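K.L.:
Below: one structure in structure tokens.
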Ligand code: HEM
Ligand code: SF4
């Protein structure tokens, strides 16, 4: 479902991606670092401890994380998929992972999101961005700085503007 | 009114630059049509049948005369010299050029205005009572709360891509003038037993294809919890609202599917995690925002003397007396009144005004209403805080500007959508129907005698013209490619909100006006004393009306 692009943005840097996506119905696991679907994770959590590479989990936008958020707290990467860029559920999912479940690893956006969403995505706790198609990542990074401040509380700014400046 | 500080200003300035860059990238082919769509919608830019339309936010309907003059100038420079006031208290430009929109936004930002979230699947402009702060039945001024909601909702990072558009209204008075029960969230200001302010929270109202009156989900929300509770509602909706079918995507469908009780439980469960969190309002912020909505310096007035003077002028000038009856409303401040400037003279699309009229409105505001202008969801303009002793003078000037048609709240004060003349979704034209009705009922004595009557027209079931909540509603329908009209009766947008009932089979355009006349005849024949059309209908039911309209020609 996703192309395995080499480069992605993490914490503002362009870096190489080492993770391959594994869908729920795949029979064998590739070697190296993998991102398995939430269903695969739920069904095979034990076996996955023996995998030689790093294991992360990817979550689709419709998935309710409440019933397994606890079990993924220690994985190095959680990816959240945007089936369409206008599907805004991932914004809530990312915030819940950070704010409610205390996840501190990498939260990576995958799928159909667009550059013009980066500012808000970063506010909701995404710190890594693996675009669906090849784009100029350095140019796209400018969108992180679309605004210099915000009214609301979010992952990047736990105090509202009115408590900081007014 | 609220005045921007450096943070508010910086945000709108940065938004202009963000949108300018997006427009440039779109024009250079770096952003696809599909990707640009929500980006431009979130900045109020639609592309319609004939041209793009730009919707400008008028937060809770409040503007300064300086802002009104800026809108006049923008409409002259960038458009055809007129603008349209919408049913959600906003302003629309009908003919802007896509390439020039960033410049229009920069002009707006220079007077603390913007077009942020006036369209698209995000939290829209919060609306309220046009008589806020001066209404005699007010529990508390809703405007500070609207401003607090405006700031919270502006570029909210989590809720920019909701399943569907999202509208919030706040009602601060006994009588509802904000149609708050027909909003995704309706907030009613209330006081508890200890006299503390809070909100009665309703959710899941809306018009459109499936009109629904909002359900109560929390009877008392203490004021400091407003934003965390809104976060909880929006998060539940963002996560669980339907995203597969746009006609089932409004929050009203979710509330109905889960039942209001279950929806309320889910919101409460989410709120448990957010309650008392950092977004909880403090007294400082509430007081800071309230301080912008202080009352002007009223003069002490000899009310009895002024009333006598106004009364004698009214006796002398029948037209003035009519205008006093229909367009002037008492205020809680003695000696002052609120005036509604009618944007519904016959022959003009309801809600349209010219650049020159905008400037005249600004002048009137400077002279008589402390420089403040209010827009209404009925698509008129209100000037509040008018000294009663200046009413006659104001009337004369408003009249020469074409803004004093004495028809507020009458059959000629219609809400009407753009319809088939402008809108690609229309089944039928609506503006010509409105005009035909205004022409037919041009006898002012008759119109006054009919009294309060709301007639609303939509060109299709999307219901932009609020036909479901008109006492008489007219809906354009498509019958084998021809334009027909369905009539509904008994809708109401007030606290006793009700949706209209279909009268019977649809009618051709020619038959609409005659049928309206028959409905009015039935009313006049059956009413008791001062009974309004709506009350008569509620008492006698739909049958008599139906019989008359569909009686075979004699
Ligand atoms: C000219 C082209 C226009 C188009 C194509 C259009 C389209 C629509 C559509 C599709 C809806 C239904 C939304 C839904 O299902 O939730 C809607 C609702 C609405 N529109 Fe428009 N509209 C237009 C102009 C206007 C104008 C000029 C106004 C104001 C005067 C307006 C006011 C509204 C309102 C108040 C609603 C009802 C929202 C609710 O459900 O509460 N529209 N419009
Ligand atoms: S009600 Fe229908 S015809 Fe009228 S503006 Fe809305 S979408 Fe267009």
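FYI, it's all coordinate maths here, none of it is from the lab. Quick caveat: nothing in here was measured; it's all calculated off a predicted structure. Cβ atoms come from the backbone with ideal geometry, glycine included; neighbour counts cover every protein chain shown.
Each row is one residue, and each column tells you yes or no for (1) facing chain B (nearest Cβ under 10 Å); (2) surrounded by fewer than 20 Cβ atoms within 10 Å (Cβ to Cβ); (3) under 22 Å from residue B:235 (Cβ atoms).
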position	(1), (2), (3)
A:66	no, yes, yes
A:91	yes, no, yes
A:95	yes, no, yes
A:103	no, no, yes
A:109	no, no, yes
A:114	yes, no, no
A:139	yes, yes, no
A:154	yes, no, yes
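K.L.:
Further question on the same structure: Just give me the residues in segment B:313-354 being in contact (Cβ under 8 Å) with a residue 12 or more places away in the chain, part of a helix (DSSP H, G or I) and over 21 Å from the mean Cα position of the chain (by Cα), in sequence order.
P.N.:
Across segment B:313-354, the qualifying residues are B:313, B:319, B:320, B:322, B:323, B:324, B:325.
K.L.:
Where in segment A:34-128 are there strands (runs of 3 or more DSSP E), lying wholly inside it, with at least 2 residues that are under 29 Å from residue B:31 (Cα atoms)?
P.N.:
Values: elements: A:34-37, A:55-59, A:77-82, A:106-111.
Result: A:55-59, A:77-82, A:106-111.
K.L.:
Just to be sure, is residue B:241 under 29 Å from residue B:467 (Cβ atoms), away from every other protein chain (no Cβ under 14 Å) and touching a helix residue (DSSP H, G or I) at 6+ places or on another chain (Cβ under 7 Å)?
P.N.:
Values: under 29 Å from residue B:467 (Cβ atoms): yes; away from every other protein chain (no Cβ under 14 Å): no; touching a helix residue (DSSP H, G or I) at 6+ places or on another chain (Cβ under 7 Å): yes.
Against the criterion (under 29 Å from residue B:467 (Cβ atoms), away from every other protein chain (no Cβ under 14 Å) and touching a helix residue (DSSP H, G or I) at 6+ places or on another chain (Cβ under 7 Å)), residue B:241 does not qualify.
K.L.:
Moving on to the next point. Within segment B:410-425, restricting attention to residues that are part of a loop (DSSP other than H, G, I, E, B) and surrounded by fewer than 18 Cβ atoms within 10 Å (Cβ to Cβ), which residue is nearest to ligand 2 (Cβ to nearest atom)? Please lay out each step first, then the result.
P.N.:
Restricting attention to segment B:410-425, the residues satisfying the condition of being part of a loop (DSSP other than H, G, I, E, B) are B:410-414, B:417-418, B:422-425.
If we keep only those that are surrounded by fewer than 18 Cβ atoms within 10 Å (Cβ to Cβ) as well, we get B:424-425.
Values: B:424: 8, B:425: 4 Å.
Once the filter is applied, the top-ranked residue is B:425.
K.L.:
Kindly list, by first and then second residue, each pair from a residue in segment B:180-191 that is touching a residue at least 12 places away in the same chain (Cβ under 8 Å) to a residue that is part of a helix (DSSP H, G or I) and more than 16 Å from ligand 2 (Cβ to nearest atom), limited to pairs with Cβ atoms under 6 Å and residues at least 6 apart or on different chains.
P.N.:
B:184/B:251; B:186/B:180
K.L.:
Output yes when any residue across segment B:426-437 is under 22 Å from the mean Cα position of the chain (by Cα), within 7 Å of ligand 2 (Cβ to nearest atom) and in a loop (DSSP other than H, G, I, E, B), and no when none is.
P.N.:
Taking every residue of segment B:426-437 in turn, at least one turns out to be under 22 Å from the mean Cα position of the chain (by Cα), within 7 Å of ligand 2 (Cβ to nearest atom) and in a loop (DSSP other than H, G, I, E, B).
K.L.:
Within the bounds of segment B:23-30, is there any residue that is more than 14 Å from chain A (Cβ to nearest Cβ), touching a strand residue (DSSP E or B) at 6+ places or on another chain (Cβ under 6 Å) and over 25 Å from residue B:129 (Cβ atoms)?
P.N.:
Step one: list which residues in segment B:23-30 are more than 14 Å from chain A (Cβ to nearest Cβ), which gives B:27.
Checking which are touching a strand residue (DSSP E or B) at 6+ places or on another chain (Cβ under 6 Å) leaves us with none.
No.
K.L.:
Look at residue B:157 and say whether it is within 14 Å of chain A (Cβ to nearest Cβ), touching a strand residue (DSSP E or B) at 6+ places or on another chain (Cβ under 6 Å) and either at negative phi or not in a loop (DSSP other than H, G, I, E, B) (or both). Before you say what the answer is, go through the steps one by one.
P.N.:
On the way: within 14 Å of chain A (Cβ to nearest Cβ): yes; touching a strand residue (DSSP E or B) at 6+ places or on another chain (Cβ under 6 Å): yes; either at negative phi or not in a loop (DSSP other than H, G, I, E, B) (or both): yes.
Answer is yes for this residue.
K.L.:
Another question about this same structure. Looking only at segment B:456-479, how many residues end up being within 9 Å of ligand 1 (Cβ to nearest atom) and under 15 Å from residue B:534 (Cα atoms)?
P.N.:
Selection size over segment B:456-479: 0.
This table checks each residue for (1) away from ligand 2 (no atom under 16 Å from the Cβ); (2) touching a helix residue (DSSP H, G or I) at 6+ places or on another chain (Cβ under 6 Å); (3) within 29 Å of residue A:83 (Cβ to Cβ).
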| residue | (1), (2), (3) |
| --- | --- |
| B:211 | no, yes, no |
| B:224 | yes, no, no |
| B:233 | yes, yes, yes |
| B:245 | yes, no, yes |
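K.L.:
Can you name every residue in segment B:460-480 that is free of Cβ contacts under 8 Å to residues at least 60 places away in the same chain and more than 10 Å from residue B:427 (Cβ to Cβ)? First the steps, then the outcome.
P.N.:
Taking segment B:460-480 first, the residues free of Cβ contacts under 8 Å to residues at least 60 places away in the same chain are B:460, B:467, B:470, B:473-480.
Within segment B:460-480, B:467, B:470, B:473, B:474, B:480 meet the criteria.
K.L.:
Continuing with this model, one more query. Mind checking which residues of segment B:54-85 are surrounded by fewer than 22 Cβ atoms within 10 Å (Cβ to Cβ) and within 16 Å of ligand 2 (Cβ to nearest atom)?
P.N.:
Passing the criteria: only B:84.
K.L.:
Shifting gears a bit: Could you pull out the residue among B:151, B:130 that is away from ligand 2 (no atom under 16 Å from the Cβ) and either closer than 30 Å to residue B:244 by Cα or not in a loop (DSSP other than H, G, I, E, B) (or both)?
P.N.:
Working: B:130 fails: either closer than 30 Å to residue B:244 by Cα or not in a loop (DSSP other than H, G, I, E, B) (or both).
Just a single option satisfies the conditions, and that option is B:151.
K.L.:
If a residue must be over 21 Å from residue B:16 (Cα atoms), in contact with a helix residue (DSSP H, G or I) (Cβ under 7 Å, 6 or more places away or on another chain) and in a helix (DSSP H, G or I), how many such residues does segment A:129-166 contain?
P.N.:
Within segment A:129-166, residues that are over 21 Å from residue B:16 (Cα atoms), in contact with a helix residue (DSSP H, G or I) (Cβ under 7 Å, 6 or more places away or on another chain) and in a helix (DSSP H, G or I) number 1.
K.L.:
Same structure again: Can you report the number of residues in segment B:276-310 which are surrounded by 15 or more Cβ atoms within 10 Å (Cβ to Cβ) and within 14 Å of chain A (Cβ to nearest Cβ)?
P.N.:
Residues that pass the stated criteria total 9.
K.L.:
Would you pick out the residues in segment B:355-381 that are assigned to a strand (DSSP E or B) and buried (at least 24 other Cβ atoms within 10 Å of the Cβ)? Explain how you work it out, then say what you get.
P.N.:
Start the filter on segment B:355-381 by keeping residues that are assigned to a strand (DSSP E or B), which leaves B:372-375, B:381.
Hits for segment B:355-381 are B:373, B:374, B:375, B:381.
K.L.:
Restricting to segment B:480-492, name every residue that is more than 16 Å from ligand 1 (Cβ to nearest atom) and in a strand (DSSP E or B). Give the derivation first.
P.N.:
Here is the first cut: in segment B:480-492, the ones more than 16 Å from ligand 1 (Cβ to nearest atom) are B:480-487, B:489-490.
Result: B:482, B:483, B:484, B:485, B:486, B:487, B:489.
K.L.:
Residue A:147 - would you say it is surrounded by fewer than 22 Cβ atoms within 10 Å (Cβ to Cβ), within 30 Å of residue B:288 (Cβ to Cβ) and facing chain B (nearest Cβ under 8 Å)? Outline the logic, then answer.
P.N.:
Working: surrounded by fewer than 22 Cβ atoms within 10 Å (Cβ to Cβ): yes; within 30 Å of residue B:288 (Cβ to Cβ): yes; facing chain B (nearest Cβ under 8 Å): yes.
It is true that residue A:147 is surrounded by fewer than 22 Cβ atoms within 10 Å (Cβ to Cβ), within 30 Å of residue B:288 (Cβ to Cβ) and facing chain B (nearest Cβ under 8 Å).
K.L.:
Please go through segment B:31-58 and pick out each residue that is touching a strand residue (DSSP E or B) at 6+ places or on another chain (Cβ under 9 Å) and more than 20 Å from residue A:87 (Cβ to Cβ).
P.N.:
B:43, B:44, B:45, B:46, B:47, B:52, B:53, B:54, B:55, B:56, B:57, B:58
K.L.:
Output yes when any residue across segment B:426-448 is near ligand 1 (Cβ under 8 Å from one of its atoms) and either under 30 Å from residue B:529 (Cα atoms) or within 14 Å of another protein chain (Cβ to nearest Cβ) (or both), and no when none is.
P.N.:
For segment B:426-448, residues near ligand 1 (Cβ under 8 Å from one of its atoms) and either under 30 Å from residue B:529 (Cα atoms) or within 14 Å of another protein chain (Cβ to nearest Cβ) (or both): absent.
K.L.:
Same structure again: Take the conditions in contact with a strand residue (DSSP E or B) (Cβ under 9 Å, 6 or more places away or on another chain) and closer than 29 Å to residue A:23 by Cβ and apply them to residue A:104. Does it pass? Steps first, answer last, please.
P.N.:
Numbers: in contact with a strand residue (DSSP E or B) (Cβ under 9 Å, 6 or more places away or on another chain): no; closer than 29 Å to residue A:23 by Cβ: yes.
No, not satisfied.
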